[in-house]
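Chemist: Below are the structure tokens for one structure; questions will follow.
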Amino acid sequence: MTKNQWIDAHCHLADERLEAQLDNVISEAEGLGIHFFMQGGVGPEDWQRQRDLAQRYPGKIGLCFGLHPYWVAAHDEDLCEIALDQLAPLLPHALGIGEMGLDFRPHIMKDSRERQIGVFEQQLELAEAVQKPMVLHLVQAHEEALRIMDIWGVPASKGIVHSFNGSWGKAQDFLKRGLYLSIGGPVVWDQNEKLHQVVKDMPLEFLLLESDSPDQPPPRFKQSLNQPASLWDVAGKIGEIRGMPASEILEISTENFKRLFHYDGN
């Protein structure tokens with residue numbers, strides 16, 4: 001991968017909401033130097049859409065398969081076990097495992113707390129077994145996630161906390177366990193002072209940039225679906241805070257991604 005071929009460290013281009021405009025979305029991103037798009041996995045239906053996407057856009061899609069807490073919350077234990085059995089043989093063909101983790105917001109969690117914990121623990125085991133970096137989705141579950149990871153151990157291949165949007169104290173909890181922080185659209189909002197503090201103080205060797213497209217748009221995209229092109233907004237805000245050019249922030253994130261996910265651009 002040469003200079004000015006940057007990476008969106010986390011997005012959902014297989015999301016059906018983007019289907020009608022996907023060629024334009026990817027073309028616009030490439031026009032801005034963003035040429036590789038790491039996906040976030042949701043469940044078996046999404047895994048298939050990701051594989052179709054990789055065939056449609058060869059060399060541009062990073063596959064990532066996992067059982068998202070949303071999916072776990074919406075399916076019973078038997079279906080989760082079936083999906084976990086389907087997940088394991090796919091992982092050798094993926095760059096990472098995830099999204100995986102916990103989401104304890106009441107409207108998501110409902111009766112799924114213990115089921116989410118069980119599936120998270122099994123995916124921690126899988127991550128260790130296949131030596132793939134994790135893509136963690138953790139919402140209102142910081143302490144429980146740390147407790148579980150400290151019991152089971154953070155897999156040697158480490159991973160990212162996707163769309164990190166917490167305090168500096170929470171950031172340090174993940175950083176000291178060797179996990180990267182993936183920062184997206186929320187950092188661009190002027191009122192998000194706690195996240196501004198995080199990107200000001202964190203070591204840049206643990207920084208990744210993501211769009212989470214089509215979700216979590218920065219202000220410029222708030223009236224529409226988010227796009228990987230918004231990575232420039234994220235890089236610009238972090239660069240402003242750190243006193244660095246946006247292009248340098250993008251370059252740092254891309255190099256960090258390549259190191260973490262053992263991705264060589266091919």
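Chemist: For ARG259, ARG115, what's the fewest-to-most ordering of other Cβ within 10 Å of each Cβ?
Modeler: If I rank by nearby Cβ atoms, fewest first, I get ARG259, ARG115.
Chemist: Among the lysines, which have Cα under 20 Å from the Cα of LYS258 when same-chain residues fewer than 8 positions away are ignored?
Modeler: Cross-link targets: LYS3, LYS60, LYS132, LYS158.
Chemist: Could you name the aspartates and glutamates whose alpha carbon sits less than 19 Å from that of LYS176, not counting residues in the same chain fewer than 8 places away?
Modeler: The qualifying aspartates and glutamates are GLU128, GLU143, GLU144, ASP150, ASP201, GLU205.
Chemist: In what sequence, highest mean first, do 222-229, 248-255, 178-185, 144-151 appear when ranked by Cβ atoms within 10 angstrom?
Modeler: Ranked from most to least packed, the peptides come out as 178-185, 248-255, 222-229, 144-151.
Chemist: Now, a different point. Could the peptides 235-243, 120-128, 96-104 be put in order, highest first, of the mean number of other beta-carbon atoms found within 10 Å of their residues? Can you show the working numbers first?
Modeler: Working: 235-243: 18.7, 120-128: 20.6, 96-104: 27.1.
Ranking, from highest mean packing down: 96-104, 120-128, 235-243.
Chemist: Using only alpha carbon pairs under 8 Å that are at least six residues apart, calculate the relative contact order of the chain and give it in whole percent.
Modeler: Relative contact order for the chain comes out at 19 percent.
Chemist: Using a Debye calculation, one point per C-alpha and no hydration shell, please list log10 I(q)/I(0) for the chain at q = 0.10 Å⁻¹ in order.
Modeler: Results for the chain at q = 0.10 Å⁻¹ read -0.45.
Chemist: At 7 Å along the Cα-to-beta-carbon direction for both ARG177 and ARG113, put a label point, then send me their distance in nm to one decimal.
Modeler: 1.9 nm
Values quoted throughout were computed directly from the atomic coordinates according to the rules given, and no laboratory measurement underlies them. Remember, it's a predicted structure, so these values are computed and weren't measured experimentally. Cβ sites come from the backbone with ideal geometry, for glycine too, and all protein chains shown count toward neighbours.
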